[in-house]
Amino acid sequence: MDNSDINSIFEDLLGQDIIVILDVAQLNILGQTFRPIFTGTLVEVRGGSIRLDPAIIKMPNAPNFVFPTPLCFPIENIAIFAPFDLDARLTLS
């Protein structure tokens, strides 16, 4: 599958709020270790990656941490994605 085929999977979701779960056990950003669960508005799909703006990190101690800049994710590292209501609550434990 080339980049245009991979990109087309996400292009139908442009402008929509989505949830993205990465294919890693955990991440560490700003000294916080957390599960790789992000929500936000899909604003760009290009070159095999997507960009969320705003990008909201779902952490147990700050469940709606809005990252100060947009975040890009390589599509190959995304395990799960779906439309998502940004007002919905997730139980993180």
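The values are calculated or read from the model by the stated rules, or taken from the named source; none is laboratory data. For clarity, every value in this text was computed on a predicted model and none was experimentally measured. Neighbour counts are summed over all protein chains in view; Cβ atoms, including those assigned to glycine, are modelled from backbone coordinates with ideal geometry. Calculation scope for accessible area: heavy atoms of the full protein, side chains included, ligands and nucleic acids excluded. Shrake-Rupley method; radii C 1.70, N 1.55, O 1.52, S 1.80 Å.
Of the residues I21, I56, ranked by 1.4 Å probe accessible area with the largest first, the sequence reads I21, I56. In the chain, taking the dipole from charged Cβ atoms about the Cα centre, the farthest positive-side position among I57, C72, V43 is held by I57. Within the full protein context, the accessible area of F65 is estimated at about 70 Å² for a probe radius of 1.4 Å. A Stokes-Einstein calculation at 10 °C with viscosity 1.306 mPa s, built on the Kirkwood radius of region 51-93 over Cα pairs, returns a diffusion coefficient of 136 µm²/s.
Length available on full extension from V66 to I9: 0.36 nm per residue minus the Cα-Cα distance, which gives 18.0 nm.
Once C-alpha pairs closer than 8 Å and six or more residues apart are averaged by separation and normalised to the residue number of the chain, the relative contact order reads 30 percent. Its Cα centre serving as origin, the chain has a Cβ charge dipole (Lys and Arg +1, Asp and Glu -1) of approximately 460 debye. Protein heavy-atom accessible surface, 1.4 Å probe, per residue over the chain: 60 Å². Over all directions, the projected convex hull of the C-alpha atoms in the chain averages 5.8 nm² in area.
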